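Here the structure comes first, spelled out in structure tokens, and everything after it is commentary.
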Amino acid sequence: MSDHDTSLRTPIVAVLGHVDHGKTSLLDKIRGSAVSEGEAGAITQHIGATAVPLETIADMAGDLVKVEDFDLPGLLFIDTPGHHSFSTLRSRGGALADIAILVVDVNDGFQPQTEEALDILQRTGTPFVVAANKADTTPGWNPNENSPIKPSYDAQSDTARQRLDENLYEIIGQLSDDGFSADLYWRVQNFQKNIGVVPCSALTGEGVPDILAVLMGLSQRFMKAEMEIDVAGPGEGTVLEVKDQQGFGATLDVVVYDGTIHEGDQIVVGGVNEPIVTEIRALLQPQPNAEIRVENRFERVDAVAAAAGVKIAAPDLDDAMAGAPVRVVRDRDVDDVIKEVKAELAEIEVDTEEEGVVVKADTLGSLEAMANALQEAEVPILRAEVGDVAPRDIAVAGTAREPEHTVILGFNVEVLPDAERELEQSEVTLFHDDVIYQLVEDYEEHVAEMQRAQQETILDKIVRPARFQILDDHTFRQSDPAVVGVEIMSGTIKNNTNVAKFDNNEPDRVGELSGIQAQGDDVEEARAGERVSVAIDGPTVGRQIEEGDELWIELPEKHAKILEQELNEEIPADELEALSGYLNKRRKRDPFWGK
Ligand SMILES: Nc1nc2c(ncn2[C@@H]2O[C@H](COP(=O)(O)OP(=O)(O)OP(=O)(O)O)[C@@H](O)[C@H]2O)c(=O)[nH]1
């Protein structure tokens, strides 16, 4: 397919960024500008990708890109924008995309998906440029259609420029917080060390020439070696999507990053259970003049060479996984190729444990990203799989021993109808989202909530410490029950608890608290600082208890232990004081009491 006789392939470019920051608009702008450069063959629409040849890039970028400075044939932009698809895009252990554009809305700055995208870029070591998009929305901005950004930036009023600068420095600061040294791209000397930030507008096209220039420059300088491929060799690619296509059944949208794929080739594809071995019936490309991104009109092609996007129609593709490798067998032993595919899949495999949560994700790449995020949050994984939430997942999640693990975390997946019914009847909680951070955060919140509820139940059932004192001249009744006025020094006293007193550090139960009155009304409890009258069944004032005595709510040893060791952060400070006072007294006689 390649019309140039070189063994250097096109670098593959992915566009990432937060929702609505302008990924699609930027891609559309690049494609649109390329087409409006007028020449036939300005771009080629592939399945899932758009190829822009070097000549077209040079036309669009003006002085910034000169054809003679480059020998890479152009750029292949992956069309499905978003970090989600990016994480799908793997090749032999790394990112499939050779280079990326991280789109950040200048006004909105860093958002969760920006962070998530940065994480992936960092982990895969993918070079990238930051498109500080929507610069045209800066108040007072004077647009210069499709202009390189520097002259347009310099021509703005001081106030407009300052406003934009503030936003740009915010973004540069956020990049630096994440460990990336970054600067406005025209100040960057060494693009290997520093990230270039290009102010731009997907609407007016300002800065788009600069983005193309940086992408070409980065690829040419740092990735030329990786672009050298054996064009005629057996094709290798990555599945972007598994799609049912009328007339063809399950088909694969594939990006080919090495070699050539021919119709009739035997291929091995990563499947849900086992690698799938099948034979290509048809290779499909969009019809040249079809509406961009409407892919329902295909033409058959005999072969495609890297880098390219193509739809593969072949039998038995139902179990193929998005993100999985595709390999042409050609004149090799099919078992060797199966081994290779297995080895590659094993690399992506998630470490699971005997106890933990169930994770479902739409692609291998996103499954891996989920697993990384959960590992960071110290959440163990019982099972991790690509695919929609099925009844079996609910059964598996239900076997978790810890209640906090009876959950399914679904990233970008659907819940199958019969699974939905089962979920309603089970203890299993499902979390789903299309932002990994959000998913992990929601789960952590759920666990915290469960722990709070659990502690509250324990606290409800436990006897709580309190210290109080009988006031002078406040004996209202001598005995049966004794009724005296008291002041609560710390903690909260409650009805139906035992009252103790320490004589020479010898604890002595004096009776049971059977009534509390505050200003003549019966109450259930009284807190530190309050003065109330209490009825105590058992003692007689003047014998077991006296005015001025310090009294305690008696704590069972087990309760004291739980309070001290597990709930000390849950109880108020004054209650903690009562607890430590009580423990001190107890431990004077028995140092191991409540330990
Ligand atoms: N003024 C202005 N508006 C823009 C620019 N880029 C994008 N927009 C607008 O911002 C909105 C979101 O743009 P999209 O391109 O759909 O953003 P996206 O990042 O692809 O969004 P998702 O696909 O939903 O993740 C649209 O209304 C665009 O018209 C820009 O440079 N300037």
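Things to note:
- Placing pseudo-labels 7 Å out from each Cα toward the beta carbon at D20 and K193 gives an inter-label distance of 3.9 nm.
- Here the accessible area is traced with a 1.4 Å probe on the protein chains. For the chain, carbon and sulfur cover 42 percent of it.
- Here the calculated FRET efficiency for K339 and N142, from their Cβ-Cβ distance with R0 = 56 Å, stands at 0.40, rounded to the nearest 0.05.
- Rounded to 5, percent antiparallel among DSSP beta bridges of segment 3-227: 35 percent
- On full extension, the segment bounded by Q122 and T159 gains 9.8 nm, given 0.36 nm per residue less the C-alpha separation.
- Percent of beta bridges antiparallel (DSSP, the chain, rounded to nearest 5): 70 percent
- The residues neighbouring G233, those whose beta-carbon lies less than 13 Å from its own, together hold a net charge of -2 under the Lys/Arg +1, Asp/Glu -1 convention.
- Among the listed pairs K23/K66; K501/K585; K29/K224; K224/K342, those beyond 19 Å (Cα-Cα): K23/K66; K29/K224; K224/K342
- Solvent-accessible area per residue in the chain equals 46 Å², computed with a 1.4 angstrom probe and all protein chains kept.
- Gained length - E427 relative to K224, 0.36 nm times residue gap less alpha-carbon distance: 67.7 nm
- Linear extension gain, E68 paired with N568, 0.36 nm per residue minus alpha-carbon span: 172.8 nm
- Efficiency of FRET between Q519 and R543 - r from beta-carbon atoms, R0 30 angstrom, step 0.05: 0.55
- In terms of Cα atoms, the Rg and Dmax of the chain work out to 34.6, 110 Å.
- In this simple spin-label approximation, E550 and Q438 carry label points 7 Å from Cα along the Cα→Cβ vector, and these lie 5.6 nm apart.
- Working from label points 7 Å from Cα in the Cα-to-Cβ sense, the E530 to A453 distance is 2.9 nm.
The values are calculated or read from the model by the stated rules, or taken from the named source; none is laboratory data. These figures come from a predicted structure and were not determined experimentally. Quick reminder, even Gly has a Cβ in these numbers, built from the backbone with ideal geometry, and neighbours come from all protein chains shown. Side chains are part of the model used for accessible areas, which takes the heavy atoms of the whole protein and leaves out ligands, DNA and RNA. Shrake-Rupley method; radii C 1.70, N 1.55, O 1.52, S 1.80 Å.
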